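Structure first, then comments.
A short reminder: the numbers here are calculations on the coordinates, not readings from a lab. Remember, predicted model here, so these are calculated numbers, not experimental data. All Cβ positions, even for glycine, are placed from backbone atoms using ideal geometry, and neighbour counts span all protein chains on display.
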Amino acid sequence: MDQQGIKEMTGKGAVDALVRSGMKLGLGTGSTAIHAVRHIGSLLRAGTLKDIRAVPTSYQTLIACERWGIPLFTLNSQEIGGTLDLTIDGADEVDGRHYCIKGGGGALLLEKIVAYASASYAIVVDESKQVENLGLQFPVPLELIPEARVPVIQTLEALSAVVQLREAVRKAGPVITEHGNFLLDIRFQNPVDPPVLERELNQIPGVVENGFFTRLRPRVFIGRFDGTLDIRE
Ligand code: 5RP
């Protein structure tokens, strides 16, 4: 099975295992999570699933929900009331403790707010995302306000991190997030303690959020290249 097929099988598998009529859902971002979104849309169209209220984590997901007729809300809508039953999202890296790095698609801020407001959390990945130590291969994304760019980079470099401002494609200059901020991609040279860094990176003035997700124990759906789906509780 090719990688696209694996992503589709994984996204659909998580929906079939976890999504039920009447749920308030957080919907993630990226090329794997989008298959979960499409599958929810087609189950709604078929009438197999009913009364879904969805909170999207990015414009990518919002537009997909609009296309598929998935009823859209925000966390602040009365119909949602600030809490969700379940969020399904992708990840850039997952370790054995189910700690993740997210934000490859630049949506980490809303992804984290939505994840941390969910009673249940599921991650959908192909097996290439499994790692022993987070942050050594895939850089940790960090969202910051544009005015804090130089002092934040200096502080991170003093921690021996290699830091890059994320550049846009088909637009000159940096990526601007959905919240009007910049993104840095941080690479560490040695293994780090993700829960400590998740807390400490956010202490740097000007940092809005970072891509370590360590405060939840998500179910992890891992699509394997042999076409099987592995579910880790
Ligand atoms: C977006 C994310 C994505 O979930 C993450 O980048 C994984 O995406 P993909 O499934 O396309 O590899 O965190 O901000």
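Overview of results
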{"read-out": "Single residue of D89, D95 found to be within 16 Å of the ligand (Cβ to nearest atom) and buried (at least 20 other Cβ atoms within 10 Å of the Cβ)", "value": "D89"}
{"read-out": "Subset of the stretch 144-174 [surrounded by fewer than 10 Cβ atoms within 10 Å (Cβ to Cβ) and either over 22 Å from the mean Cα position of the chain (by Cα) or of a type outside the set (A, V, I, L, M) (or both)]", "value": "V150, A158, S160, R170, K171, A172, G173"}
{"read-out": "Any chance M1 is over 30 Å from L197 (Cβ atoms), within 14 Å of the ligand (Cβ to nearest atom) and in contact (Cβ under 8 Å) with a residue 40 or more places away in the chain", "value": "no"}
{"read-out": "V192 more than 16 Å from the ligand (Cβ to nearest atom), of a type in the set (A, V, I, L, M, F, W, C) and free of Cβ contacts under 8 Å to residues at least 40 places away in the same chain", "value": "no"}
{"read-out": "Residue count, the stretch 14-33 (criterion: more than 9 Å from the ligand (Cβ to nearest atom), of a type in the set (G, A, S) and surrounded by fewer than 19 Cβ atoms within 10 Å (Cβ to Cβ))", "value": "3"}
{"read-out": "Breaking point among (1) without any contact (Cβ under 8 Å) to a residue 40 or more places away in the chain; (2) within 13 Å of the ligand (Cβ to nearest atom); (3) charged (D, E, K, R), for R45", "value": "(2)"}
{"read-out": "Test result for L18, in contact with a strand residue (DSSP E or B) (Cβ under 8 Å, 6 or more places away or on another chain) and more than 16 Å from V114 (Cα to Cα)", "value": "yes"}
{"read-out": "Check on R219, basic (K, R) and surrounded by fewer than 17 Cβ atoms within 10 Å (Cβ to Cβ)", "value": "no"}
{"read-out": "Any hit, the stretch 99-112, residues being in contact (Cβ under 8 Å) with a residue 24 or more places away in the chain, loosely packed, with under 15 Cβ neighbours inside 10 Å and away from the ligand (no atom under 13 Å from the Cβ)", "value": "no"}
{"read-out": "Candidate set: the stretch 60-76, residues that are in contact (Cβ under 8 Å) with a residue 12 or more places away in the chain and within 14 Å of K24 (Cβ to Cβ); chosen: the one farthest from the ligand (Cβ to nearest atom)", "value": "P71"}
